[in-house]
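Chemist: One structure follows; several queries about it will come next.
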Amino acid sequence: MGNLMRATHAEVHGLNRRLPDRTSGHSGKKPRCLIDGAYTLQCQDLGLVRVFDHGGTPMRQRLFDPIIASEITPESAYMQRRTLMKGLAAGLIAGLAGCEHEVEAKAETPVLPTPKPEIPGLKTWPGSSRETRTSFRDVTSYNNYYEFGTGKGDPAARSANFKPRPWTLEVAGEAEVTGRFDLDDLLKGMAFEERIYRLRCVEAWSMVIPWNGFPLASLLKRFKPTSKAKYVRFETIERPREMPGQRSAIIDWPYREGLRIDEAMHPLTLLAVGVYGRWLPNQNGAPLRLVVPWKYGFKSIKSIVKIHFSETQPPTSWNVMAPDEYGFYANVNSAVDHPRWSQASERRIAEGMSIFKARIATTSFNGYAEQVAAMYTGLDPQTLY
Amino acid sequence: MRIAVTKVVLFLLCLVPAAVLCWDVFVGDPGPDPVARIVHETGAWTLRFLLITLTITPLRRFSGWNLLIRFRRMLGLYAFFYACLHFASYLLLDLGAFWAQLLTDIVKRPYITVGFSAWLLLVPLAITSTNAMMRRLGKRWQTLHRLSYLIAVLGVLHFLWLVKADLSEPLIYAAILAVLMLLRWRRLSGRN
């Protein structure tokens, strides 16, 4: 996914790359999805969308920026997956008529296209992950955002009434510039980047997400934090009328998170306003959320209304709720298990993942050790959970 | 004859959750995290079938519909069937190539220890579910099969333990089980 957005990048950089038509070599897929009387099939591996009429002949063809080579599922792996799936299906649901046929069809299920990007002038960021991304659909429909309910589907299903505009950000504490700021004023003239980060949930699943935003440091510096500012505290908005999950006391609302000032100022720490080139959907923490890629997902607080510079370590929601299970640092650390489950590995939610190979090893600092490990020298690694 | 037909219908009905899951995974849309869904749903159906099985006796007593007992074995075996799917999907799909994690999981994680014990306890019950075994074990059969209450307790505990913050779903199962056990206890103590 994200081909559309890359097309934008190509325009931005004046590149006009063309993609050779390689469809003939692409295992002769048959389209299944009926849209507006035509069959649409996104040949994701090839980075192009083809629209077929009923007879299967291409009606029109749109070209997008070709996908990076490392993202292409090798044909062999693809075929292997299909064989595996067929084998298991045959074993499990043997006797179901048409089973083989349907399994065949499943392997060809077209991926829903990512909606058109709407954030203008996105800059690419060289450090982006090259791993297979999580689809736009999964990024926006599988969320932990208890303000809208504890089910993974709740945030997408129950956030329609949430209003991310107008939005006021309150800045307080140990800084020269404090007060209440309109978000749009703060964002004016700001350049947004596309950064593809791994996101590792403390529940041992992970995603690869193209966020759109800017380094938190670039915003924090404008408030001129004083030397007393050792920590930064963040707060999510509290609006039980728009956030049905806040009507039950699962968490002591509002949700609170915090970072040490050096973590907050680290160039990897991102404030996101969008994902996949779209302004953040409500379920992903609109209009402004934190993304700290080397920490467990719960540190990346959503729908931020308050930033507070403080001298002491601020209380953070999950840490207050269960201090033995969720630390303040919450750095991704495969060596320290959650008391109830292992953190040594994770289930990767990404496009084309086989259900037999969904689990991958977890890396320390979620693969960002080189950039961030130095901040924690001298600290007991056992406390870095 | 009618019982035979009902049994066939019930048999197929009990397969529906597994069939729906297979369909979604292999044909339709299993959602963002198929493995989590498979593991969660097979687990939930294990609990449901355990509770349904335990409901048969009190229901039979209240309704006077003695035929119900004829379906209990099948429902109990379905609980075992879904428990096996649950365990197998955890082992083969969720852990995948990370099998080493299984041993540490069973030893170190209380909720997995409890869940695994529940599955283990179901095995002798499934083995002794045949008519021949019932005859052979005589009175001891009933004593043995009272383990199903313990298994249900372990099952609910297994679910309660793994939930992060929202306990409402496992608590519903806990409440149903509590009512069933209360009915059972009243009956047993009333006899003495």
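Chemist: I'd like the mean, over residues of B:165-171, of how many other protein chain beta carbons sit within 10 Å of each residue's own Cβ.
Modeler: Per residue, the average neighbour count from other chains is 3.
Chemist: Please give the length that would be gained between A:Lys188 and A:Arg165 if that part of the chain were fully extended, namely 0.36 nm times their separation in residues minus their C-alpha to C-alpha distance (nm, one decimal).
Modeler: Extra length from A:Lys188 to A:Arg165 when fully extended: 6.8 nm.
Chemist: Give me log10 I(q)/I(0) at q = 0.10, 0.13 Å⁻¹ for the range B:42-190, Debye formula, one equal scatterer per alpha-carbon, no solvent.
Modeler: -0.38, -0.63
Chemist: Another one. Would you kindly derive the ³J(HN,Hα) couplings of the range A:270-282 from the backbone phi angles with the Karplus curve 6.51 cos²θ - 1.76 cosθ + 1.60 (θ = phi - 60°), listing them in order in whole Hz, with x for Gly and Pro?
Modeler: Per-residue couplings from phi come out as 10, 9, 9, 10, x, 8, 6, x, 9, 4, 3, x, 3 Hz.
Chemist: Using a 10 Å cut-off on Cβ to Cβ distances, tally the other chain neighbours for every residue of A:203-209 and report the average as a whole number.
Modeler: 2
Chemist: Starting at the first residue of the range B:54-65, write each ³J(HN,Hα) from the Karplus equation 6.51 cos²θ - 1.76 cosθ + 1.60 with θ = phi - 60°, in whole Hz, x for Gly and Pro.
Modeler: Computed from phi, the couplings for the range B:54-65 are 6, 7, 4, 4, x, 5, 5, 5, 6, 8, x, 8 Hz.
Chemist: Hey, another quick one. Which whole number gives the average, over all residues in B:92-104, of C-beta atoms from other chains lying within 10 Å of the residue C-beta?
Modeler: 4
Chemist: Still on this model: Would you please give the FRET efficiency between B:Leu144 and A:Thr312, computed as 1/(1 + (r/R0)^6) with r the Cβ-Cβ distance and R0 = 51 Å, to the nearest 0.05?
Modeler: So, using R0 = 51 Å, E works out to roughly 0.30.
Chemist: Put one equal scatterer on each alpha carbon of the range A:123-383, apply the Debye formula with no solvent term, and list log10 I(q)/I(0) at q = 0.12, 0.14, 0.16 1/Å to two decimals.
Modeler: Reported log10 I(q)/I(0), two decimals: -0.69, -0.98, -1.34.
Chemist: Can you list the lysines whose alpha carbon sits under 16 Å from that of A:Lys163, skipping same-chain ones fewer than 8 residues off?
Modeler: A:Lys302
Chemist: Whose amide H sits under 5 Å from the amide H of A:Lys295, counting only residues 5 or more places off or on another chain, with H placed in the peptide plane?
Modeler: Residues meeting the amide H criterion: A:Val332.
Chemist: If packing is taken as the mean number of other Cβ atoms within 10 Å per residue, what is the order of A:194-202, B:83-91, highest first?
Modeler: On the way: A:194-202: 22.1, B:83-91: 19.7.
Taking the mean over residues of other Cβ atoms within 10 Å, the ranking is A:194-202, B:83-91.
Chemist: Another question, if that's okay. Starting from the Cα of B:Phe62, step 7 Å along the direction of its Cβ; do the same at B:Arg2; then give the gap between the two resulting points in nm.
Modeler: Result: 2.3 nm between the two label points.
Chemist: Another question, then. Mind pulling the angle between the C-alpha long axis of helix B:168-191 and the longest principal axis of chain B? Nearest 10 degrees, somewhere in 0 to 90.
Modeler: It works out to around 20 degrees.
Chemist: Still on this structure, please answer the following. Taking Cα centroids, how far is the range A:266-336 from the range A:167-198 in Å?
Modeler: Cα centroid of the range A:266-336 versus Cα centroid of the range A:167-198: 15 Å apart.
Chemist: Next up: Peptides A:303-309, A:127-133, A:340-346: what's the order by average Cβ count within 10 Å, highest mean first?
Modeler: Ranking, from highest mean packing down: A:303-309, A:340-346, A:127-133.
Chemist: Would you mind getting me the FRET efficiency between A:Glu176 and A:Glu238? Use the beta-carbon distance for r and R0 = 35 Å, nearest 0.05.
Modeler: So the FRET efficiency works out to roughly 0.80.
Chemist: Moving to a separate point now. At 0.36 nm per residue, minus the direct Cα-Cα distance, what do B:Val179 and B:Ala132 gain on full extension? Give it in nm, one decimal, please.
Modeler: Net length gain for the segment: 13.7 nm.
Chemist: Using r as the Cβ-Cβ distance of A:Ala369 and A:Arg222, and R0 as 41 Å, what FRET efficiency do you calculate, to the nearest 0.05? All intermediate terms of the calculation are to be shown ahead of the outcome.
Modeler: On the way: r = 30 Å, r/R0 = 0.73.
Efficiency at R0 = 41 Å is approximately 0.85.
Chemist: Kindly write out, for the range A:119-131 in residue order, the coupling ³J(HN,Hα) from the Karplus curve 6.51 cos²θ - 1.76 cosθ + 1.60 (θ = phi - 60°), rounded to whole Hz, with x marking Gly and Pro.
Modeler: Result, rounded to whole Hz: 8, x, x, 5, 9, 7, 10, x, x, 4, 5, 9, 6.
Chemist: To the nearest 20 debye, what is the magnitude of the charge dipole of the range A:263-385 about its Cα centre, counting +1 on the Cβ of each Lys and Arg and -1 on the Cβ of each Asp and Glu?
Modeler: Taking the Cα centre of the range A:263-385 as origin, the dipole is about 540 debye.
Chemist: Still on this structure, please answer the following. If you line up the long axis of helix B:110-127 against the longest principal axis of chain B, both from Cα atoms, how many degrees apart are they, to the nearest 10?
Modeler: Approximately 50 degrees, to the nearest 10.
Chemist: Highest mean first, how do B:96-109, B:44-57 rank when packing is the count of other Cβ atoms within 10 Å averaged over residues? If you can, show how the numbers build up before the last one.
Modeler: On the way: B:96-109: 14.8, B:44-57: 21.2.
Highest-to-lowest ranking by the protection proxy: B:44-57, B:96-109.
Chemist: Could you please state, rounded to a whole Å, how far the C-alpha centre of the range A:119-155 is from the C-alpha centre of the range B:74-141?
Modeler: Computed from Cα coordinates, the inter-centre distance equals 37 Å.
Chemist: Next up: Taking the range A:279-343 as the region of interest, what is the percent of Cα-Cα pairs per 5 angstrom bin, listed from the shortest bin to the one with the maximum distance?
Modeler: 4, 14, 21, 23, 19, 11, 7, 0
All of the numbers you see were taken from the coordinates with simple rules; none came from a lab. This one's a predicted model, so the numbers in the text were calculated from it and none came from an experiment. Positions of Cβ are backbone-derived with ideal geometry, glycine not excepted, and every protein chain shown enters the neighbour counts.
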